[in-house]
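The values are calculated or read from the model by the stated rules, or taken from the named source; none is laboratory data. Given the structure is predicted, the values throughout are model-derived calculations rather than measurements. We place every Cβ from the backbone using ideal geometry, glycine too, and count neighbours over all the protein chains shown. What goes into the accessible areas is simple: the full protein's heavy atoms, side chains included, and nothing from ligands, DNA or RNA. Shrake-Rupley method; radii C 1.70, N 1.55, O 1.52, S 1.80 Å.
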Amino acid sequence: MAAPSTTATASDDIDAEAFKRLYPEQYYDRFLSEGVRPDGRPLGRARAVTIGAGAITSVDGSALVKVGRTTVLAGVRLEIIRPDEMSPSLGQLALSVELAPFSSQEYRPGRPPDHVSVITQHLTTALLSGGDAVELTSLCIAQGKAAWRASLDLYVLDADGCVLDAALLAVLAALRNTRIPPVRTTREGHYVAVGGGRAGDAGGEGIIESSPMAMQLGRCPLGLTCCLYRGHLLVDPTADEERLAECCVSVVLDQHGRLQGVYKLGGKVLADAGTLVKCTEAARLRYRELSGLMELSLGQAAKGTGGNG
């Protein structure tokens with residue numbers, strides 16, 4: 001007698017999926033009228049988050065972040081460069097964002113979705129505007145002679161909504177996980193990384209005591225995206241919810257709760273003042289949750305590498 005029930009359940013699942021594709025608004029309206037979303041969350045609940053600091057051993061810092069199904073991998077590679085003549089005491093941070101072909105149904109070969117460039121722009125603003133998020137002076141080895149260049153590569157593996165939020169979290173965790181090796185000078189006057197550091201080679205003489213050992217962050221910007229759909233405010237929307245939304249807004253705050261940016265990521269209408277206030281309050285609550293998870297992950301990574309966290 002179990003076979004007909006199993007067949008009926010499978011048929012119901014297929015029918016529901018087909019109905020969702022053909023009539024997405026009606027599909028979501030059925031759930032929202034009950035105060036829940038298709039994934040079972042209340043309207044104001046964000047998705048579960050996992051952070052794996054130090055996920056990659058072949059780079060100098062890394063983090064793998066999952067927000068629901070949205071997955072972002074960040075890696076930091078270090079190299080010694082000669083600083084720019086116009087900023088002799090500053091290192092450099094280079095940022096790139098790539099979307100895996102399997103990460104989104106919007107991906108087309110040779111033509112990445114528009115939101116990739118938007119995310120890159122917003123990340124650059126969050127990290128480098130004002131000059132105190134990533135303190136580039138902390139990457140200086142010898143003024144005018146040597147500095148670190150940090151190449152920060154982000155790979156979006158699954159773009160199931162709120163990619164900017166996951167990217168910011170992955171970036172911060174990877175930067176804080178980055179450990180800078182000691183630096184020495186050679187007889188020829190070159191600057192090289194020392195010993196077991198992943199960015200360098202062996203050596204020991206002529207160690208520069210003032211060389212930085214960790215990247216300094218003055219601000220730690222994290223974000224939360226909310227969307228407005230038929231008068232409902234949805235916190236941390238999925239990709240399906242973002243596509244249906246009349247408005248999507250990302251609020252970025254620092255560790256002191258100060259507003260760092262408000263970005264409109266999609267939709268045809270503008271968010272009113274009341275909606276922005278609700279989004280900001282939700283972002284403050286989310287920040288405490290995310291920062292706690294990040295500290296826990298960084299601590300675990302530090303124990304796994306002999307306390308270098």
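Things to note:
- Residue list for segment 241-263, restricted to those being of a type in the set (D, E, K, R) and under 14 Å from Cys279 (Cα atoms): Arg258
- Taken together, Ala166, Ala150 contain a single residue that is part of a strand (DSSP E or B) and either in contact with a Cys (Cβ under 7 Å, 6 or more places away or on another chain) or not hydroxyl-bearing (Ser, Thr, Tyr) (or both), which is Ala150.
- Some residue of segment 2-25 being in contact with a strand residue (DSSP E or B) (Cβ under 9 Å, 6 or more places away or on another chain), modelled with pLDDT of 80 or more and surrounded by 14 or more Cβ atoms within 10 Å (Cβ to Cβ): no
- Selection count, segment 69-84, where residues are under 22 Å from Ala239 (Cβ atoms) and either open to solvent by 30 Å² or more (accessible area, probe 1.4 Å) or without any contact (Cβ under 8 Å) to a residue 60 or more places away in the chain (or both): 2
- Among the candidates Ala283, Ala239, Ala245, Ala271, residue that is touching a residue at least 12 places away in the same chain (Cβ under 8 Å), of a type outside the set (Val, Ile, Thr) and open to solvent by 20 Å² or more (accessible area, probe 1.4 Å): Ala271
- Hits in segment 240-270 - residues which are modelled with pLDDT under 90 and of a type in the set (A, V, I, L, M, F, W, C): Leu265, Val269, Leu270
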